[in-house]
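Everything on this sheet refers to the single structure shown next.
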Amino acid sequence: MRSARALLLAEWTKIRSVRSTVWTLITAFVVTVLTSTVIAAVYNNQFDSLSAKQKADFDPTNLGFIGVQLGQLVLVVFAVLVVCSEYTTRTVRYSLMAVPRRGAFLAAKLTVATALVLVTSMATAFTTFGIAQSIFGARGASLGDPGVARAVVGAGLYMTLITLLAMGLSAVLRSPMLSLGVLMPFFFLVSPILTTVPRIRTAARFLPDQAGGLVTHVRTSGWPFGPWAGLAILCGWTAALVLAGYLTLRRRDA
Amino acid sequence: MITLTDLTKRYGSTLAVDRLSFRIRPGLVTGFLGPNGAGKSTTMRMIVGLDRPTGGQVVIDGSRYDRIGEPLRRVGAMLDAQGTHGGRSARDHLRWLAQSNRIPAKRVEEVLEKVGIAEVAGRRTRGFSLGMSQRLGIAAALLGDPPILLLDEPVNGLDPEGVRWIRTLMRNLAEEGRTIFVSSHLMSEMAITADHLVVIGRGRLLADTSMAEFIDANARSWIRIRSPQPEQLLDALAGAGITARRDDDGTFEVEGGDTERVGDVLAEGGVTLHELSPRHASLEEAFIRMTEDSVEYSAEGTAHEGAAK
C-alpha cells in the first residue's frame, strides 16, 4: 500500500512538473466551455426560425455539450502527451528502472492522469451546462429535470473515458504522431461520417464515442441501448485498449 | 554480485548478445570493454530489465531486477544521459524518481550537490549541455545510494575536465566499497579506472580477467638498441647474461630488463650506441588485436557458410 502511494506520488510529480500537460487540461476546459457557449447563443437567437420538428427534438442539455466534440480532441492530445512523451523523451527507461513491474507503472500513470482528467471533465461538464442553460433561459434544462443530472455527470464520465481510451491506444502505438494520426481523424471524421451512412449506421452506434456519447442526451429514444448501457460499451472499448497497452508494455523492450 | 548466465539477445536475424556468462564481483570496478556495437549497452539494459533476454538470464544477488522492491536503492544505472523530459527541471526529474522508490527528498539536494549541478537544478533540462546531462544521469544513479552502479560509456562526449571528474568519482565510489560496472570502447579509459576487465566482441565473451593479469599478459616492454657495432654489442650483452634479438631493421631488442643496467654493460664493453630506448606495447593494441580476432572469426564463419552453399 505504501509503495502504491509512492508510485502515485511520483506520477503526480511527473504530470505536474511539465507545463504542456497542465496547459492542455486548461485548454480542454476553455475550448469546451467557449464552443458550447457560442453555439448555445447562436442557437438561442435563431430558435424562432427553427422548424416545428427541430423545436420538438430540442434537447437543451445535449446541445449545451456541443463543445465536448472539440474539447475531447484536446483531451486526446493530453492523453497522447502523457503516455507518448515517456517514449519520445526516453523517460520510460528511468520509469521502468525505478518501477520494473510494468503493470504497477502503467496503473499508477493511468490512475493519476485519469483522476486529473475526471476533475477537469466534471468541472467542464457542470460549467458548460450552467452557462448554456442560462443562455437558453426558460427553454433551458435544469438539473432537477428527469435525465438531466445523469446527462451532466455522464458528460464528465464520457470525456474521462475517452481520454483513458486514448491513453490505452497511445501505450500500444508509443509514437505521438501515430497516436494522434489514428485518434484525431477517428473522432473528428470517421466516426461522425459512419453514423450518417444508412447501412452502417446501426453498427456505428457501437463505436466508443457514439455509444458513450448517448449518456449526454436527455432524449435517448431511437437507440438500440440506453444511456448507461452506451457508457458501458465505451467502458468495454476503453478496457480493451488499456489491456492492449499493458500487454504491449510487458512484451516489448523499453 | 551480478551473475549473467548464457545471456542472449537476438534482434531479428542479428545476435546482439551471444550466450554471455560472467560475474560482476562486489567492491570492484569492472570494466566492460568492447568495440561499438559489441553488445555492451544491450547487456546493461538486460541487467536492469529494460530489454527482455531471448535466452539465459541475469540476476542481481540472486534475484531478477524486476523482482527487487524499490530497485533504485539496490542498483543505480546511467544508461542514457538523455532520457529526461526536456520540459521538466533537473530537480523535478530527480524528485519523481526519489518518490517512486520512497527515497527521502533531501537526498535529491545531496546528489545535486555531489554532481555539481545544484545551481541549474531548477532549469528545464532542454537547455542542458551533454556534460550537464551526464551529471544529471550520474545524480539519478546515485539517488538511492545503491551498492551497485552501472555506467554505460560515462565519459563519452565529455570534455577533459568532465572525464577527470568521472574518473575521480568512480574511484571514490569504489573506495566506498561499491560495485561498479562501467562500459567503454576505449582500453586506455579502462586501464585507468578498472580493477577487473570483461571484454566482449560481437556479443561474445572474449576475456574475463583482472586488469593486472591483462596488463601482464599484454603489456610487453622491451629495450630497443641501435649500434654500428652489432658483434661487439651481442658479445657484451651475452657476457652479462642478457639475451638480445636482432630485428629486421638491424636494431636489437632486449625483452624486459632495465635501461640503466644494459647501458652500463654496453659502456663497459666499449660499444658505441646510437639509440637505447625503453618501449611498451599499448593495451589499446592488445585490445584491438583481441577484438579483431572476433571480427575475423565471424567473417570466417560467414565464409564457411557461403562455401557450404
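Brief remarks follow.
- Screening B:Arg52, B:Arg45 for residues that are of a type in the set (Lys, Arg) and in a loop (DSSP other than H, G, I, E, B) leaves exactly one candidate, B:Arg52.
- Of all residues making up the stretch B:90-111, the number that are at the interface with chain A (Cβ under 7 Å from one of its Cβ atoms) and either in a loop (DSSP other than H, G, I, E, B) or among the small types (Gly, Ala, Ser) (or both): 3
- Some residue of the stretch B:289-296 being within 30 Å of B:Gly203 (Cα to Cα), in contact (Cβ under 8 Å) with a residue 24 or more places away in the chain and not in a helix (DSSP H, G or I): no
- Scope the stretch B:65-89; condition open to solvent by 20 Å² or more (accessible area, probe 1.4 Å), at the interface with another protein chain (Cβ under 9 Å from one of its Cβ atoms) and not in a loop (DSSP other than H, G, I, E, B); matching residues: B:Asp66, B:Arg67
- Taking the stretch A:116-134 as the range and being more than 19 Å from A:His217 (Cα to Cα) and open to solvent by less than 50 Å² (accessible area, probe 1.4 Å) as the test, the residues that pass are A:Leu116, A:Val117, A:Thr120.
- Matching residues, the stretch B:238-262, being in a helix (DSSP H, G or I) and either out of contact with any strand residue (DSSP E or B) (no Cβ under 7 Å at 6 or more places or on another chain) or open to solvent by 70 Å² or more (accessible area, probe 1.4 Å) (or both): B:Ala238, B:Gly239, B:Glu260, B:Arg261
- Filtered residues of the stretch B:50-64 (kept if at the interface with another protein chain (Cβ under 7 Å from one of its Cβ atoms) and either farther than 22 Å from B:Lys9 by Cα or open to solvent by 60 Å² or more (accessible area, probe 1.4 Å) (or both)): B:Arg52
- Among the residues making up the stretch B:112-156, those that are part of a helix (DSSP H, G or I) and within 22 Å of B:Gly177 (Cα to Cα) are B:Leu112, B:Glu113, B:Lys114, B:Arg135, B:Gly137, B:Ile138, B:Ala139, B:Ala140, B:Ala141, B:Leu142.
- The residue of the stretch A:31-42 that is nearest to the other protein chains (Cβ to nearest Cβ), among those that are surrounded by 18 or more Cβ atoms within 10 Å (Cβ to Cβ) and in contact (Cβ under 8 Å) with a residue 40 or more places away in the chain, is A:Val31.
- Restricted to the stretch A:135-254, the set of helices (runs of 4 or more DSSP H) holding at least 1 residues that are open to solvent by 60 Å² or more (accessible area, probe 1.4 Å) comprises A:176-185, A:191-194, A:201-204, A:227-251.
- Every residue from the stretch A:4-30 that is without any contact (Cβ under 8 Å) to a residue 12 or more places away in the chain, facing another protein chain (nearest Cβ under 9 Å) and not basic (Lys, Arg): A:Ala6, A:Leu9, A:Thr13, A:Ser17
- Checking each residue in the stretch A:207-219 for being out of contact with any Leu (no Cβ under 6 Å at 6 or more places or on another chain) and either within 14 Å of another protein chain (Cβ to nearest Cβ) or over 24 Å from A:Ser175 (Cα atoms) (or both) picks out A:Gln210, A:Gly213, A:Leu214, A:Thr216, A:His217, A:Val218, A:Arg219.
- The lone exception for B:Gly201 - which of (1) within 26 Å of B:Arg25 (Cα to Cα); (2) at pLDDT 90 or above; (3) exposed (fewer than 14 other Cβ atoms within 10 Å of the Cβ) it fails: (3)
- Some residue of the stretch B:118-141 being under 23 Å from B:Thr3 (Cα atoms) and in contact with a strand residue (DSSP E or B) (Cβ under 9 Å, 6 or more places away or on another chain): yes
- Any hit, the stretch B:34-49, residues being in contact with a helix residue (DSSP H, G or I) (Cβ under 6 Å, 6 or more places away or on another chain) and at the interface with chain A (Cβ under 9 Å from one of its Cβ atoms): yes
The values are calculated or read from the model by the stated rules, or taken from the named source; none is laboratory data. Model, not experiment: these values are computed from the prediction. Note that each Cβ is placed from the backbone with ideal geometry, even for glycine, and that neighbours are counted across all protein chains shown. Each accessible area value is taken on the protein alone, full model and side chains, heavy atoms only, with ligands, DNA and RNA left out. Shrake-Rupley method; radii C 1.70, N 1.55, O 1.52, S 1.80 Å.
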